[in-house]
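Since the structure comes first, as structure tokens, the remarks are kept for the end.
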Amino acid sequence: MTAEPEAPPRIMLLTGASRGIGHATVKRFSAAGWRVISCSRHAFPEKCPWGAGPDDHIQVDLSSPASTRDAIAEVKRRLPEGRLDALVNNAAISPKGEGGSRLGTLDTDLETWVDVFQVNFFAPIMLARGLSAELEKAQGSVVNVTSIAGSRVHPFAGAAYATSKAALASLTREMASDFGRRGIRVNAIAPGEIDTAILSPGTDKIVEQIPMQRLGTPDEVAKIIYVLCTEISSYLNGAEIHINGGQHV
């Protein structure tokens, strides 16, 4: 009696994988047996202990449409069966002013607005559209990472960042309607104050107002991303899940 061949590992494409939520997501999915293709603007770090990293990392400048299109073509070449089980659009930029100050609507120049929207808004839909056939073949999932700043004025997040995340939340609904008809679920997560390297001075004052009285951890966000990419959430489509300890209430 011959044993049935093992099913190939599920594959996820993750942008912004080099730190914080992205790094925690790589670890969470890898531990569950997924193959993770990571994308970031940085080359794969030589000292990273993740063995599969160098072979499954793509260096891409998401602020460049041409570079993003090249990355899509490279991802396709790395999918031997033409299947992609999940796309997680996590990469984002949030430029600051002098001394790390918040950039509002009056002091954000046009070039900054364009760069922020290209990375935070246009790159996610370019990737999803470019890989839609591969996602459809796997009946896969897309997770867009938005932010609590997309629904309120935030003391640290700039205006361009906040409005790009609000636009991404709206895009998630539109994608859920269009992609859902092809068997691809599209949802979003909106993290609040998460304990990462990009926290701004003064975050402790925000924590005092969070009902759970603490920061979230990157792995707490990664766990919800994992749920959204598996059969546990098989009828969830078009949702934006708030991961903020009750900060939004």
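The values are calculated or read from the model by the stated rules, or taken from the named source; none is laboratory data. Since the structure is predicted, the reported quantities are computational estimates derived from the model, not experimental observations. Note that we place each Cβ from the backbone using ideal geometry, even for glycine, and neighbour counts take in every protein chain shown.
In summary, residue 150 fulfils each of the numbered conditions (1) in contact with a Gly (Cβ under 6 Å, 6 or more places away or on another chain); (2) under 29 Å from residue 185 (Cβ atoms) with the single exception of condition (1). If you take the residues of the range 74-98 that are among the aliphatic types (A, V, I, L, M) and assigned to a loop (DSSP other than H, G, I, E, B), which of them is nearest to the chain's Cα centre (by Cα)? Checked the range 74-98; the qualifying residue nearest to the chain's Cα centre (by Cα) is 91. Out of the range 135-149, which residues are at negative phi and surrounded by fewer than 22 Cβ atoms within 10 Å (Cβ to Cβ)? Passing the criteria: 136, 137, 138, 148. Annotation note: Cβ proximity below 8 Å between a residue of the range 156-173 that is within 15 Å of residue 143 (Cα to Cα) and buried (at least 20 other Cβ atoms within 10 Å of the Cβ) and a residue that is at pLDDT 95 or above and hydroxyl-bearing (Ser, Thr, Tyr) (sequence gap 6+ or interchain) occurs for 165/146; 168/146; 172/146.
Of the listed requirements (1) in a loop (DSSP other than H, G, I, E, B); (2) small (Gly, Ala, Ser); (3) touching a strand residue (DSSP E or B) at 6+ places or on another chain (Cβ under 9 Å); (4) at pLDDT below 95, residue 51 misses just one: (3).
In summary, helices (runs of 4 or more DSSP H) completely within the range 99-217 and bearing 1 or more residues that are closer than 22 Å to residue 12 by Cα and either modelled with pLDDT under 95 or out of contact with any strand residue (DSSP E or B) (no Cβ under 8 Å at 6 or more places or on another chain) (or both) occur at 123-130, 132-138, 159-180.
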